[in-house]
Amino acid sequence: MSRNRIVIVGAGHAGGSAAALLRQYGHVGPITLIGDEPYLPYQRPPLSKAWLKGEAGEEALQLRPSEFYDTQSIVVRRGAVAAAIDRIAKTVVLSDGDTLPYDTLILATGARARSLPAPGADLEGVHALRTADDAEALKAHLIAGHRLIVVGGGYVGLEVAASARALGVEVTVIEREPRLLARVAGEALSGFFHAYHGARGVRFVLGGAVTAIEGADGRAAAVILDHGERLPCDTVLVGVGAIPNQELAAQAGLACQDGVVVNLAARTEDPAIYAIGDVTRRPLPLYDRSFRLESVPNALEQAKQAACDITGRPPPAPETPWFWSDQYDLKLQIAGLPFDVDHRVVRGDPSSGQFAVFHMKGDRIQAVEAVNSPAEFMGGRLLIGAGRPVSREKLADPAISMKEVAA
Ligand code: FAD
């Protein structure tokens, strides 16, 4: 297997990490990383946070310095688009006609921003946020006193709202659901973020759908809502979710169900093809269903699974999924997934900006949402993974340490 030629399609967080891990785990054969963006693998989280606020430079975005790829003999083909996979010939065909042979292929094509299905969504001044280029374009319009409308009250939308407020921008967030973070967080957390943003000057329209974006001189000038309201604006950010870039896999006949279907080793039904990161639908050891997760920890975990499987190492220990988000001075950390929950325990006082919500099934923690509470996050994550029962009374009492709760 040592001459195993590995081709990785997608030079993002998952693809870049897989290349590095393969070398770390002793793979000596050729590794080629194909990325359609003009950059080396970089991290996306700062694009809505520190980088957008001008607090982090370009070097802070890079996953690894450029010398790393040279010293590790990882060939990075930037600005190269993989157009097709030939599973019989075991080749990847690039859009410039070049053909790359592989013994093992890793698909790490990520996801793209979902666009808004409304007239005017293609006007100048309507932005998405997925890539460094998107962030650069948006940043140029985050000017003090300008009016930004954020469509979508999910994590990306709220992070941009927080960054924009820090820059003195007037921000309105429009969310179709009756509460923020409706798909991804419990009600207590939604309410907390609503209040926190509201106190910092963000205006919200909940339960409002955008029916059109009105232009003036070819630029977005107002957002029209389904109940008729017209909100004037200078810039619009559409943050309404992401769609997996699964077309390559689907055209190659690999099973896709809102994500390329993989197993616990990140392998597709073709033993020579793996898929990792945002593009996958994957099982999780703790749950009896499959998920498409969009997070850095998930991208890293699956990169590890694939690299272990390819290099013949034992698989990584079963993981508890987790995620983070930074807004203002708040660090939110979430572990686990809140399924089959019968009640919730709040530890700490939300009005203090430091608290945790534990989602419970009986005396077992299913998920924890921790705001500025790293001990609760760490403790909760360990307890979820271990599946150990806990006393709800102790959990609810911040005077009792998480160590004692777990004892
Ligand atoms: P990506 O990083 O999207 O990389 C995929 C790459 O493949 C892209 O460069 C894409 O252009 C390329 N590609 C696609 N098709 C082809 C092709 N045919 N040929 C060649 N190249 C191709 N996660 C967190 O855990 N915490 C956060 O706080 C957080 N904040 C975020 C903020 C923003 C603004 C965004 C956009 C995401 C954030 N995420 C966060 C999510 C996290 O960045 C993603 O989960 C992670 O980037 C997934 O890595 P990936 O490699 O699967 O996909």
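Remark: relative contact order (the chain) = 14 percent; criterion is Cα-Cα distance under 8 angstrom and separation of 6 or more residues.
Extension gain, Ala89 to Ser66: 0.36 nm times the residue separation minus the Cα-Cα distance gives 5.1 nm. Summing charges over neighbours of Thr104, with a neighbour being any other residue whose Cβ is under 13 Å away from its Cβ, gives +2 when K and R count +1 and D and E count -1. In angstrom, the C-alpha Rg and Dmax of region 115-240 are 13.4, 43.
Taking label points 7 Å from Cα along the Cα-to-Cβ direction, Leu286 and Ala386 give a separation of 1.3 nm. For Ile8, the residues whose amide H sits under 5 Å from its own are Thr32, Leu33, Ile34, Ile106, ignoring neighbours fewer than 5 places away on the same chain, with H placed 1.01 Å from N. In region 329-406, inverting the average of 1/r over every pair of distinct C-alpha atoms gives 12.0 Å as the Kirkwood radius.
A Förster radius of 45 Å, combined with the Cβ-Cβ distance separating Ala265 from Ala182, puts the computed FRET efficiency at roughly 0.85.
Computed over the chain, the per-residue total of -39500 (n - 2.57) for DSSP H runs of n ≥ 4 gives a 222 nm mean residue ellipticity of -7000 deg cm²/dmol, rounded to 500.
Go from 0 up to the bin containing the longest alpha carbon distance in region 1-114, width 5 Å each, and give me the % of pairs per bin. Taking every Cα pair in region 1-114, the percentages come to 2, 11, 21, 22, 19, 13, 7, 4, 1, 0.
Other residues whose C-beta falls under 10 angstrom from the C-beta of Arg282 contribute a net charge of +1, scoring Lys and Arg +1 and Asp and Glu -1.
Scanning the chain for chymotrypsin sites (Phe, Trp or Tyr not before Pro) lying in DSSP loops with no more than 14 further Cβ atoms inside 10 Å, the longest uninterrupted stretch between such sites is 26-286. For Lys331, a cut-off of 15 angstrom between C-alpha atoms picks up these aspartates and glutamates, skipping any fewer than 8 places away in its own chain: Glu159, Glu369, Glu376. Computed over region 219-367, the range of Cα coordinates on each principal axis works out to 55, 48, 28 Å, biggest value leading. Legend: ranking of residues Lys139, Lys331 from fewest to most surrounding C-beta atoms inside 10 Å; resulting order Lys331, Lys139. Under 5 Å from the amide H of Trp51 lie the amide H atoms of Ala56, each residue being 5 or more positions distant or on a separate chain, with H modelled from the backbone and absent for Pro and chain starts. The H on the amide N of Ala221, modeled in the peptide plane, is under 5 Å from the matching H of Glu214, Gly215, Ala216, each at least 5 residues off or on a different chain.
The share of alpha-carbon pairs in region 225-296 lying farther apart than 17 Å comes to 53%. Taking max minus min of the alpha-carbon positions on each principal axis, region 293-367 gives extents of 49, 34, 16 Å, largest first. Rg and Dmax of the chain, based on Cα coordinates, read 22.2, 65 Å.
Each part gets one Cα centre, and for region 138-200 versus region 1-60 those centres are 29 Å apart. Over region 58-167, the Kirkwood radius and the radius of gyration, each from Cα atoms, give a ratio Rg/Rh of 1.07. In a fully extended conformation the segment linking Ala199 and Ala50 would gain 51.6 nm over its present Cα-Cα distance, using 0.36 nm per residue. Estimated at 0.36 nm per residue, the fully extended path between Val75 and Arg219 surpasses their Cα-Cα distance by 47.7 nm. Taking the Cα of Asp363, stepping 7 Å toward and past its beta carbon, and measuring to each backbone N in region 331-347: which are under 17 Å? From region 331-347, the list is 342-345. The separation of region 67-116 from region 251-329, counted between C-alpha centres, amounts to 18 Å.
Computed from the coordinates by the stated procedures, all read-outs in this text should not be read as laboratory data. The structure displayed is predicted, hence computed values, not measured ones. Every residue, glycine as well, gets a Cβ built from its backbone with ideal geometry; the counts of neighbours run over all protein chains shown.
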